[in-house]
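Each remark here refers to the structure printed beneath this line.
No value in this document is a laboratory result; all are computed from the given coordinates. Nothing here was measured: the structure is a model prediction, and the numbers come from that model. Heads up, the Cβs are rebuilt from the backbone with ideal geometry, glycines too, and the neighbour counts pull from every protein chain shown.
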Amino acid sequence: MSLILQIETATTSCSVALARDGKVLDFKQINARNIHAEVITLYIDELLNNAGINYNDLDAIAVSSGPGSYTGLRIGVSTAKGLCFALDKPLIAIETLEAMAYGVINSTGFVADTNMLLCPMIDARRMEVYTALFDTAGNRVRETAADIIDENSFADYLRDHKILFFGDGAEKCKSVLSENPNAAFLDDFINSATYLTQKAAQKFTGGAFEDVAYYEPYYLKDFIAGKKAL
């Protein structure tokens, strides 16, 4: 038995979900920039109150670990660690791109094609994205990387596979990749804490917990602060 609070703040989506034994009970989310710090704790309170669940009833806290927005990840992981410290509960971390892939695989209407690969993309800057490749069973085919997308990106994979691109980084890549007949795009994808559910339940069962004191988000690359406009 597991009752897990799940937190997703790695992208523009600020989302929290409550899952019991690998099944989502309820969730709250908003897809908007620069609002995560303002709503995250309110959403958690509302979610638990609506379900009639006390904080101490939780068995673990799961968080989307990145890569993604530096600020968003700091907010999500800090919130998760704070709850783990206060409640003496274990912390589960799930890579954001992997969770996104599972979100598509488990979505209503998704038809698995054995020749298809899934390519979640998170917007980095300009034509750069955080991305990886997964098959339709959720197995990793290409490691997570920060890629600058051009007309040759994924050429070796697109030669033999249809690739479904999705996430907030995929939209800006359309103009470059959409000419390839094996490239497809999922336009309405919004990241969600509900996508953490399957891996969170598996990690809880396997006791795959993080060291709360030392855990840090998976930034993938160093944060570079922009200059403030005068």
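What to note about this one:
- If you run the Gaussian network model on the chain, springs between alpha carbon atoms under 10 Å, then out of TYR55, TYR43, TYR102 the most flexible one is TYR55.
- Taking label points 7 Å from Cα along the Cα-to-Cβ direction, ALA51 and LYS221 give a separation of 3.6 nm.
- Candidate aspartates and glutamates for bridging to LYS203, where Cα separation is under 13 Å - those fewer than 8 sequence places away on the same chain excluded: ASP21, ASP59, GLU95
- Per principal axis, descending, Cα span of the stretch 97-186 in whole Å: 31, 24, 22
- The stretch 116-158 and the stretch 1-61: distance between their alpha carbon centers, rounded to Å: 28 Å
- Fewest-first sequence of VAL141, VAL111 by Cβ atoms within 10 Å of each Cβ: VAL111, VAL141
- The residues neighbouring SER178, those whose beta-carbon lies less than 12 Å from its own, together hold a net charge of -2 under the Lys/Arg +1, Asp/Glu -1 convention.
- The chain: angle of helix 36-51 to the longest principal axis, Cα-based, in degrees nearest 10: 60 degrees
- Of all the options LEU196, LEU48, LEU97, the one that moves most in a Gaussian network model of the chain with Cα springs shorter than 10 angstrom is LEU48.
- Summarising the label geometry, the points placed 7 Å from Cα in the beta-carbon direction at LYS174 and ASN106 lie 2.8 nm from one another.
- Theoretical ellipticity at 222 nm over the chain - DSSP helices of four or more residues, -39500 (n - 2.57) apiece, nearest 500: -8000 deg cm²/dmol
- Of the chymotrypsin sites (Phe, Trp or Tyr not before Pro) in the stretch 137-230, the ones in a loop by DSSP (not H, G, I, E or B) with at most 10 other beta carbons within 10 Å are TYR214, PHE223.
- For the chain, the longest principal axis of the alpha carbon atoms and the long axis of helix 70-87 meet at an angle near 30°.
- Within the chain, the longest segment free of exposed loop sites, counting GluC sites (Glu not before Pro) that fall outside DSSP classes H, G, I, E and B and have at most 15 other Cβ atoms within 10 Å, spans 1-150.
- Hz values of 3J(HN,Hα) by residue in the stretch 99-110 - Karplus curve (6.51, -1.76, 1.60), Gly and Pro given as x: 4, 4, 4, 5, x, 6, 4, 8, 6, 5, x, 6
- Within straight-line reach of LYS162, meaning a Cα separation under 26 Å, sit the following lysines at least 8 residues removed in sequence or on another chain: LYS172, LYS174, LYS199.
- Among [x] 30, 21, 15; [y] 24, 22, 18; [z] 27, 21, 15, the entry that matches semi-axes √(5λ) of the Cα gyration tensor in Å as calculated here: [x]
- The chain: most fluctuating residue of ALA17, ALA32, ALA132 per GNM, C-alpha cutoff 10 Å: ALA32
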